[in-house]
Structure formats: structure tokens, C-alpha cells
Amino acid sequence: MSEIKNSGYSGSALRLLQSANCQVGDIIRITYKTNTYEGVLIPRGESGDTTNIIVKLKNGYNVGISATVEGINVEKIGVGIKPMFASPLLPEQNSVLPHVVIMSTGGTIASRVDYRTGAVRSAISASDLYGVVPELSKIARVDTEIVFSTYSENLTPKNWTDLAQKVAERINQGIDGVVIAHGTDTMGYTSAALSFALQNLPVPVIFVGAQRSSDRPSSDAATNLIGAVRAASEAPFAEVGLAMHETISDSAIVVHRGVRVRKCHTSRRDAFKSINDFPIARVLDQKIIMQKDDYQHRDPTRQLVLKTNFCEKVALIKFYPGMDPSIIDYYVSQGFRGILLEGSGLGHVSIFCFEAIKNAIAKGVIVALSSQCIWGRVNIDIYDTGRDLLNFGVVPLDDMFPETGLVKLMWVLGQTSDLKESKRLLKTNIAGEFTSRSLPQEKIVYGAQ
Amino acid sequence: MSTIDYSKIGLKIGLEIHQQLNVGSKLFCSCQPELFKDEPETTFLRRLRPTQSELGQIDPTTFFEFQKGVKIIYEANRKSACLVDLDEEPPHSLNMDALKVVLTASLMMNMQPVNEVHIMRKTIIDGSSTTGFQRTCIIALNGWIKVGEKIIAIQATNLEEDAARKTGTEDDGKTIRYRLDRLGIPLIEISTAPVIYSPLEAQQVALTIGKILRDTGKVMRGLGVIRQDVNISITDGTLIEIKGVQELELIPTVIEYEVQRQLGLLDIKEELHKRGITKDVLKTEFVDITNIFKESKSKVIRKAVDRDHKVFAVKLSGFAGLLSKELIPNFRVGSELSDYAKFWGRVGGIFHTDEMPNYGITQEEVIKICKTVSATEKDSVVFVADTDENCKDALKAVVERVQEALIGVPAETRTAKDDGTTRYMRPRPGAARMYPETDIPSQIITEELVKNIQANLPEPAEKKLSRLMTQYTLNEKLSKQIVDSEYVILFEEIVKETNVTASTVAAFLTETVKSLKRDGIAIENVGEKQIKSLFAAVGSGLLAKEAIAEVFSWLAKNTTKTVQSATIALGLKMFTEADLEPIVDRIITTNKNIIEKNNKDAFSMLMGIIMKEVRGKANPELVSKILKQKL
């Protein structure tokens, strides 16, 4: 009986199904007046009318029939198949191929229908992902491991620490590359975090996600995963990368540097773009084509350095016209150790906020500055208000965009409590998060495709 | 073929009628439901993969399509496709106007709407949709319509999205091009129960359903907006699904041919039993016979051999003569095997000894082939030339198909050709293709909505007939024709909006259009907007009513042009009073003797002469006015 109780039904529908002793997956017959409906009882979402009974008809269609109509009768006429995901058989391993681990953390790349809400939910393991993309066995010997099973918006810096340690374990065991399947929403944050936490990498660590859930034939999950595994097993670089579609076509997969990549579109397959930088590599027709030459080379003998602490008392504050400076005061009063300010334009903040910023710095809070323009470099030498900020002790983060700036500030404050050392680390290029030259990039315009 | 007693062979037919709805936008986005002919503004490439159904099954057809490794190139323009159509953005909510049209049609067919609509994904990975599935939902179940005196049960009405349009294939069929303009246009699907028992009755049922749909006033007109699928079975045969019959008139032919095909296959089954053939003598033993063709004069085979392809053969024991048996006109058992080989083996076609010598293959070569596979004169040998893998897949499909011949008629989805014949398309897909659409919440159909639509249903045909007769003083014959035509709503709109007489409009939209169609004019090319502006021109005196048919025919040929450009191109600009006066003067002068001789009748005689000269270019009332003045 417990199963029917958790099936999302309530009120008259639940009573009716209980009295007929029906379970999810049973074949049932609903009759009233001259109407008859026969099919498999399907669990239902909490949205919609929970007194409608959902039946999967013989032709595979689901329909909702009201349990409140007069003279309705429900009977169980057989046992059917319950909604499920059948774990596919894993392909055979080829021992001469590079050895790669796919770690899953959840997200769209591993999603299927969830009957609680009727929407999709992270439900497929790394091993299932491997099973539904059997081509991977032609590229690498693949191990799989579930690290988390959640949407990326639910991840915290503690998860970054756990993930970095799991990756380090594998690398220390001698793996040739690591692939991390991740929800796309905060994948850029996690890739930045691991770029700082995993230093001196001997092999590549490649993040991968999907913008269309893997339960649909058009999902980008498979092509992205194939590109990521290809990069993890063969790429000449040993850095944290992020592999996703280059365009809306299923042709090239592009690997961005973990600290330079941002999700710039809510839904497109090519949502991820390298900011103020070029991608490291492209994967086209199963070949890796390097796009940069200033990368750390793969070297299995290199000793990994693990620095996994992050300070969570760091806030990201976006400046906007009319912003109330007491917002800054609040964070200071709550004991925050760092504030990443998203200034306007070249990195400006209204003079109304100056007192609050001075006060924060006086209390030992590190205030760093990026631009809400996303693209471009902050420069607060140009206007007097900018120079004032510099004089207060605000740390401009050059061409680092705000999210990476935030993650770096969390990491820096996780490494040291010394103010001077913190500022030094902040300005030190750890994982390619800064470049000294802004090069002309091809335009990235979603509206004009 | 009319000698077949359909009730004796247990013919059962069910219809699925699909028609595009005209509700101003697509089903899950606000794009214009308009097809474009120009070059696309955006193209992109995709690949589709099979996925598991809600119950964890993978549809075998879907898996097969994937194995073919097909690439798809999509073509889009701004007007008719947005990120939703590109599968780059989740669908927006269901178009409620489209839902209301389907509810209207459902209630007109006495159906029971479901209480909650669940949108489903029907997996189709041939590339015809960017998502790899068609979004579809059941709106109502269990209804009936009356066709003549008979009650026809209607099983279900669905609301679904139309597929993308195929615009070409490249690279030996490995790359397919589709255009996204049609994708997402709302479609209603109406499925009847298998209670139709003759080809003619099927056409009548389709006609009746078509009329009901037109009465909603919200369906598209023109070529390709309506598509009929026909499900046919006979007692000893099997259920065959035939897709995409575009012309209503073709339905009886398609059914007659399918019955013949099934009866033909049953004859073969009997013959095979007589010959004592069993499944185990039909072996999947393929023999490499490439060597026989090293010096062959057959261009087709040499072309393959020169490309390092192989030639493989299989013996069909006891099949001699059967492959050349004609099932329907120009379609033999061999053609049936060839279709299987093409689909499963990606080959161009097959050769078989029943049709040899042929294609430059000599009798000596045939003898060698038979010897190599140890075939006697009782056997038939099938062979193909392609890659090793394709040859084996193709021959495997051939053997499996002939094994089916021992049982009778295999269940298939077939596609209808323009001549009414059908070809193998794929095996019949099952319920394993269905998966809930997780991007769109379910939609409750409230009692209030149903009551509201029920209270405002379109006028039934009989009522409409008598109303048209009195309101427009049309005779019964013309009224009936207009009610039966697809233009009834348009007719009323034109009469209301222009001052062209009702009988002129009705006669044109029925008799004239019908005869133009008979003369081969593509009437479906002329849209309702154009027909309206055609009559508007007549109503305002810019065009003579005698010229309507000519302009219409011109527009059917010049699909992008306007009525105005038609009148110019055809030299049909109407004469003004100033244009007419000199003509009238001239005719009066040259016919002075007539006026003197026939004082009384001179007017009508001169009218006749003038009108003969200016017919189609002058309003007779205007001519008569000028002539009266001049006389």
C-alpha cells in the first residue's frame, strides 16, 4: 500500500485506487457511464489536479481521468510494467586504451522524468551514462563513480572540496584523465574552484554537462561526453577544462579553460563561452585541435598539489543605481571576510557606497573588484572615483570576470588569514585566470545567428 | 478489382486524418506557420540517438535509425522558426486556441474530452523533428459520427505538432536536409475505429471528417495540409499502416491495391506450402560471388566491383518464379524484397535470378552464380553488390522477409505513392516510443471550457444548407455544392465583404474551381487571401467577373504574385468611361446602317457588338450607360 501513497495521488483518487487495491504499474480499468479507459496506472505530479487518475493507454499515451465524476468505477485487471530506467549493459573494455574515470554529480546530463513534479530530475548514474553512450569504449577504458546526485545549484564550496579530493585520489592512482559530469548552472564555478584546488596537474580534468536532458534523442549529452572523454584521454594539456558544444550544431566540442568559462545563455547548447580568452582546444571529427600554446603539458610524473580549502564567508555584490550601501554594512556585520564587488563599466561604484567600502576594509574585509560587463578588463585609474576606490584598498581583478573572482576570493581566504598574503595571492596568476593582454576575439552574439 | 467481395475477406479499415490548424502561430511557440521558398538564413547540423521510454524500453525501429549513422542538416529562417523549433529553448505553453479547435471538432463528433491533457513525446529519430520526438496529446476519446445511415466510431482526437519538411538528401542518403518552417504547426489527428468495410466507404468517412474540420473554420487550406493514414487488415492477412495519402480521391485505390497485395502474399504462402518449403530450408548463408563479376559486362555490377565492393548471393530454396509474381501494378515480390534490402542494408536494390539475364548480366554468369550457391532450377538466387556489411544486412533482411512469406503478411508501416501503390517504410512501431513531455505541465480541461465550447459549436450542415438558400437566395443545388466544398466559410466572408452577387461567388467557388482543377490548374496554390482580393477587385469594378477564372489560373501558376500584377500581366485592366467612349463612338459610326434599319433593337445589337470587343475588360452596366447616352 505504501507505494500508492507515495504516487502523488490524493483525495478521492487515492481512496478509489486504494479500495480497488491498485498499485503503480498495474493495469486498471476505469468506467463511468458508457466510457471505459484501460491502461497502466502512472504516478502523478503534485502539479495539476491530484484527483485525476493518470492512465497510460495501450497506445502509450497518458491521459488524466477525473476520479470525482459520478458513478466512476476503478478495477485492477492485471499487472503491467512500472515506469523505470533500465540500466543498459556496459560495453566491453579495451585494455590498450587510456584509462579515464567519469564522475557524476547530477544535472541535466543525467536527468529523467520525476513523478513528483512531472519535470526532470537527476537520476542517472555515471555508469548509466557510459552505458547509453557505448561509443566511449572505443576511446578509453572507462571507470565510473557517483560523487553527488544533485542539481548544480545545490552544490556548495564544501562539495568542491569533496570533489577535488575524489579527483586527487584517482589521479594519485594513476588515471590518464578525469571527466566530471555536472549540472550546467554552476559548472563554471566548480570548474574555477577545481582549477585553484588542483595545482600542478599531471593529467586533464574535464567538466562536461548538457543543455538538453539525456532522456531525449536530441540531447547534447552524448556528443559532449564523447568530446570530454576524448580530451581527458588524449589531450596534450594537463589543466581543468570544460567541454561543451561550440555552436548549435552537433559538430565541434570546444574545451574552455576552467577559470575562463561562463554560462552565457539559459538554454542554448553553446551556452558556455570563454571570457576574455580563447578556448584551449576543439574536438572535431574525433581529433583534438589545440587553440592555444600556453598550456601546462600532460606529464604523468608531475606531482599533484592539493589545496582544497574554501572560505564560505565571501559575498558577491552587484552594484546598481541607487544601491543601498547598508547592504555592504550587513555583510561586514555578519563577519564576512571577503566581498567581490561587481562594479559598472571599467569597475565603478557610486560615491554613496564609499563610506561603507572604507569601513569594510578597515574591519579587515578584502574587497575585490570585477566588472558586471563580463567582457573586458577593469581599470580604475581612468576616473577619479576609481582612483578613490584604489586608495581605499579595493583590489581590482583585471580581466577576471565576477564569478571566477568570487571563487578565487573564497579559495584565497581558505588558504590564508593574512591580509597581505591574501592580496598577494589574489593578484597572482594561479590557473590562467588573468591574462595581461586583451586580444580581439571573434564576436559572441547570440541574437545574430 | 471490383470483383473482390470485401465482406468475404473480412476487410477492416481504420482512418487517421491529420489536418493543420490555422490558429495564427505554432503549437508551442509564437512563430508564423508559414513555409518559405528562399535560401535559409540559418543552417545547422544534428545527430539523434535512441532513448529509453518511460517504461525503460528502447524501440527497435528507433535504434535501427540510429545505427544508420544519419546526419541531419536543418534549415531555418527568422519568420518561421525560433530557438524552440531549433530545440535550443524549452517549448512555451500549449497554444490554447489550437486546443479549443480540437475540442470543438471533438464535441462535434460526440466525444468525451479527457479531464487532464498529458503531452507525450513520440520518439521519431529520422530527423523530421529537431527534438527527436513529436509532441502529441490525446484531447478526447470515444465518439461517433454519422456517415450516410451508418454510425462510425471515433476512437480519439489528438493535438500534435507537424514535422519538419524534408528538402533533400546528400552523401548516399547519410545526410538529410529538413526545413523547420513546418515543424510545430498544430495538427489535429482523428482516428476512427476499424469499422469501415469498403474502399468507397473509407473515402466517404474521410470526406465527412474533412467537412467537420472545415466547419470549425480553423483549419489550413492548400496542398499538404491534410494527410490521411489508412490502417488496413483482412481476416487472413495482417494490420498494415499506410502513411501519407494526400488526396482524398486516392484512398479507395490505396485500399484496393493493399487488399490485392495481401491476397497475393496469401497465394504465395499457399504455393510455398504446396511446394513443401519450410523455414529451415531458407538459410542465412551468404556466398561471396564477387569473382564471377571480375570481367562482367554489367555496368551496375562492375561499378560496384571496381569500387572494391563485394557481391554476395543467397539461395532461396524452392522460390523459382515467385519473385517475378506481380502483387500490384509494377510491383512484384522482388520489389518487396528490394525495399527490405534498401531499408535494412542501405543498398541501392537487389538482383534475382527470376529476372535474369538482365542489366548486362549474361546467362553464363547466371549459371555460374547458381552453381556457386548450388541452386537448381527450383530455386531462386538473390544477390547484391555493396560493401561487405551492407550486402550481409541486405541479404539477411531478404531471408527474414521470405521466411515471413511462409506465415503470410508481415505487419509493416508502408508509405503511399502518388499512384496509390505503397512501399515498405519500416516495421510497425510500438508503445515503447512514448515518453512524457517533462518540459510542459499537464493541462486541465475544465467543465466550464467544455460547456462553453459545446454551447458555441458551428452550425450543422443541414441547418447551414437551408440558411444559405434563404439568406443568399441560392438554389438548392448551388447551396449544397457550397456546403460540401471547402470554401463555405470563405464564401460567406466574400459575400459579406464585397458587393459581388452571392450566386457569382458560389458558382465560381464550386463549379468553376472544380473544372479548373480538372483542367490541371493547381487550385491549392491560390490562398484564401488571394481569392478574397480577387473578388474585392471584381466588387470595386477593377476586374470583370468574366475574368475571374483567368486571373485565378494565372495566380495558381504565379504563386508569389498579386491580383493586381495578374490583371496587368493578362492585360485585364478595366476600361474606364473615358476609355470606353471612343470605342462606343467608333462602333456607332461603323454601324450606322444597323441603327437606321433596326431602330427598335439597335441598342441590344450594338451592346452585343461592343461587349464582344471589350468582354472581360468592361463593366456591361457602364457600357450600357454610355451607349444609351450616345444614342
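Just so you know, all these numbers are worked out from the coordinates, no wet-lab data involved. If you're wondering where the values come from, they're calculated on a predicted model, not measured in any experiment. Note: ideal-geometry Cβ built from the backbone for every residue, glycine included; neighbour counts use all protein chains shown.
Structure above, values below:
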| quantity | calculated |
| --- | --- |
| Mean Cα-pair separation over length for segment A:148-232, i.e. relative contact order, pairs under 8 Å, 6 or more apart, % | 29 |
| Spin-label model distance (nm) - A:ILE382 vs A:SER149, 7 Å beyond Cα toward Cβ | 5.1 |
| Protection proxy ranking, peptides B:113-125, B:577-589, B:364-376, average beta carbon neighbours within 10 Å, highest first | B:113-125, B:364-376, B:577-589 |
| Inter-part distance where segment B:88-127 and segment A:274-321 are each reduced to a Cα centre, Å | 46 |
| Estimated FRET transfer efficiency when R0 is 25 angstrom, pair B:THR278-B:LYS378 (beta carbons, to 0.05) | 0.95 |
| FRET efficiency estimate (nearest 0.05) - Cβ-Cβ, A:LYS158 to B:LYS480, R0 60 angstrom | 0.15 |
| Net charge dipole size for segment B:577-630 [Lys, Arg +1 and Asp, Glu -1 on Cβ; Debye, nearest 20] | 180 |
| Potential lengthening between A:LYS287 and A:GLU135 on full extension [0.36 nm per residue; Cα-Cα distance subtracted] | 53.2 nm |
| Helical mean residue ellipticity (222 nm; -39500 (n - 2.57) per DSSP H run of 4+; nearest 500) of the protein assembly as shown | -9500 deg cm²/dmol |
| Residue among A:SER12, A:SER125, A:SER152 with the largest mean-square fluctuation in a Gaussian network model of chain A, springs linking Cα atoms under 10 Å | A:SER12 |
| Positive-end extreme of charge dipole, the protein assembly as shown - chosen from B:ILE489, B:VAL195, B:ALA461 (charges on Cβ) | B:ILE489 |
| Anchor A:LYS363: lysines whose Cα lies under 22 Å away (excluding residues fewer than 8 positions away in-chain) | A:LYS313, A:LYS318, A:LYS408, A:LYS420, A:LYS423, A:LYS427 |
| Whole-number D in µm²/s for chain A (Stokes-Einstein; Kirkwood sum over Cα pairs; 25 °C, 0.890 mPa s) | 101 |
| Cα-centre dipole for chain B with unit charges at Cβ (Lys and Arg positive, Asp and Glu negative), debye to 20 | 1120 |
| Segment A:196-351: relative contact order as a whole-number percent, Cα under 8 Å and 6+ apart | 22 |
| Net length gained if the chain between B:GLU326 and B:ILE151 were fully extended (0.36 nm per residue, minus Cα distance) | 59.3 nm |
| Label-point separation in nm, A:THR266 to B:LYS630, each point 7 Å along Cα→Cβ | 7.2 |
| Cα centroid of segment B:340-361 to Cα centroid of segment A:355-378, whole Å | 76 |
| Dipole moment magnitude, nearest 20 debye, segment B:278-405 about Cα centre, only Lys, Arg, Asp, Glu C-beta charged | 180 |
| Choice from A:LYS263, A:LYS408, A:LYS138 showing the highest fluctuation, given a GNM over chain A with Cα pairs closer than 10 Å | A:LYS138 |
| Over chain A, relative contact order from alpha-carbon pairs under 8 Å, at least 6 apart, % | 11 |
| Euclidean distance between Cα centres, segment B:582-617 to segment B:247-318, Å | 75 |
| Dipole-positive endmost among B:MET111, B:CYS370, B:SER533 within chain B (Cβ charges, Cα centre) | B:SER533 |
| Rounded FRET efficiency, nearest 0.05, which uses the C-beta distance separating B:GLN67 from A:GLN18 and R0 of 45 Å | 0.50 |
| Label-point separation in nm, B:ASP579 to B:LYS294, each point 7 Å along Cα→Cβ | 8.1 |
| Residue among A:ARG170, A:ARG257, A:ARG282 with the largest mean-square fluctuation in a Gaussian network model of chain A, springs linking Cα atoms under 10 Å | A:ARG170 |
| Cα-Cα over 21 Å, subset of A:LYS263/B:LYS79; A:LYS138/A:LYS166; B:LYS315/B:LYS342; B:LYS496/B:LYS545; B:LYS26/B:LYS417 | A:LYS263/B:LYS79; A:LYS138/A:LYS166; B:LYS26/B:LYS417 |
| Cα-derived Rg over Rh, computed across segment A:2-79 with Rh taken as Kirkwood radius | 0.91 |
| Extension gain (nm, one decimal) between B:GLU41 and B:TYR197, 0.36 nm per residue minus Cα-Cα | 51.3 nm |
